[in-house]
Amino acid sequence: QGDVFTFDPGFTSTASCESTITFIDGDKGELLYRGYPIDQLASQSNYIEVCYLLLYGELPDKAQYDEFSYRITRHTMVHEQMHNFFRGFRRDAHPMATMVGVVGAMSAFYHDSTDVTDEWQREVAAIRMIAKMPTIAAMAYKYSIGQPFVYPRNDLDYASNFLNMCFSVPAEPYKIEPALARAMDRIFTLHADHEQNASTSTVRLAGSSGANPFACIAAGIACLWGPAHGGANQAALEMLRTIGTVDKIPEYVARAKDKNDPFRLMGFGHRVYKNFDPRAKVMKESADEVLDLLGIHNNETLKVAKELERIALEDEYFIEKKLYPNVDFYSGIILEAMGFPTAMFTPIFALSRTVGWIAQWKEMIGDKNQKIGRPRQLYVGEAARDYVDIAKR
Ligand code: SDX
């Protein structure tokens, strides 16, 4: 009675909000951050500049860029007491589990940036989140491999700082390869925002109640972890390793088409893109560049990935279902070549997406007309009925 609802399993047809941040045309395979095409930003900009663009709507001039970069750099350390949180986890905890816990704990630390009604506190929460996420991700990694935490350095750019916090050890200095840092930075940019995906919608819904911003980001991390979402980058590389060689591809493609087989091609398909994911194109080019830079030739996993893509794109099932490689298909090949274990792939997606989450949260919470989110349902359960005493059941 009253409102009439239609059931849409993926909330695809009903817009959940208005936003000015990111535009996707799934049929054309187009992705714009504040109107700028992702391939131009990936090749000509850098992640800090993209963070400024996503947060404030325009590309910064030199003075604005330097001031923003200075503010981010000087918030990269975490409160020393937060180190204790890591020690409560088992060493073999997945870094995503650690990140959910530690970022959630930030809501108990930074009290001067949790009053969501105060514009300045909202701004500080955004700066802190973007600045500290690489430090937290690197600490989760170091903890999982039993190595000491490495502090951020103010003399390094964002991507170089992250690589240094992950790979340097007290015993010897870590040599930062600028081209590798640029490739890392490009990966951050490609994952920065993506309209109302599941984890961003989670952050918006959690934030719509006025909840602590750090707790809302922790909710986004939890959602991203799923293999249907950000967890697909880890699952895709593990899938490519399982396939192993090019001659095994037809067997797995057949399984992916079999409705009775739970096997899915990880890193393939997308709820919105019914054409090539523009990020996957850039990622594929970057994979060739990084492997070449690292002197890794004849990488079997990349060979399997490219052949799998070729076969799938010629297969009538994938053509009919409009399934193409997505952002997660090639990213793991690059990250593995850089030296990251598969368990660090989704934490890197999470640190990249932090700016998108917090920019969308700021857009939502800063709107004076915003209301608490309250999705409805199509009730298909029992009609009203009277209680029956247990003796009569
Ligand atoms: C991300 O939303 C975002 O923007 C997410 C993201 C972001 O930046 O935030 O882009 C990041 O999450 C990318 C997606 C990563 N996930 C994976 O790569 C996991 C493998 N992909 C599938 O699980 C799937 O494609 C989803 C979950 C991504 C989308 O699933 P949907 O919404 O069911 O896709 P669809 O409705 O377009 O599927 C159409 C058909 C379905 O079959 P029918 O119900 O029509 O019979 O294609 C089938 C699907 O079952 N299908 C696949 C498939 N993906 C979809 N069949 C085999 N292999 C696949 N990978």
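Computed from the coordinates by the stated procedures, all read-outs in this text should not be read as laboratory data. Predicted model, so just to flag it, every value in this text is computed and none were measured. Heads up, the Cβs are rebuilt from the backbone with ideal geometry, glycines too, and the neighbour counts pull from every protein chain shown.
Structure values in brief
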quantity	calculated
Value of [θ]222 nm, deg cm²/dmol, for the chain, DSSP H segments ≥ 4, -39500 (n - 2.57) each, nearest 500	-16000 deg cm²/dmol
Within the range 349-391, chymotrypsin sites (Phe, Trp or Tyr not before Pro) in DSSP loop having at most 14 other beta-carbon neighbours inside 10 Å	TYR379, TYR387
Hull volume in cubic angstrom per residue (convex hull over the Cα atoms of the range 234-274)	88
nm² value of the averaged projected area, convex hull over the Cα atoms of the chain	24.5
Nitroxide proxy distance, nm - points 7 Å out along Cα→Cβ at LYS257 and GLN40	4.0
Peptides ranked, highest mean first, by Cβ atoms within 10 Å: ranges 364-370, 297-303	297-303, 364-370
Low-density loop positions, trypsin sites (Lys or Arg not before Pro), the range 306-342 - DSSP coil, at most 15 other Cβ in 10 Å	LYS321, LYS322
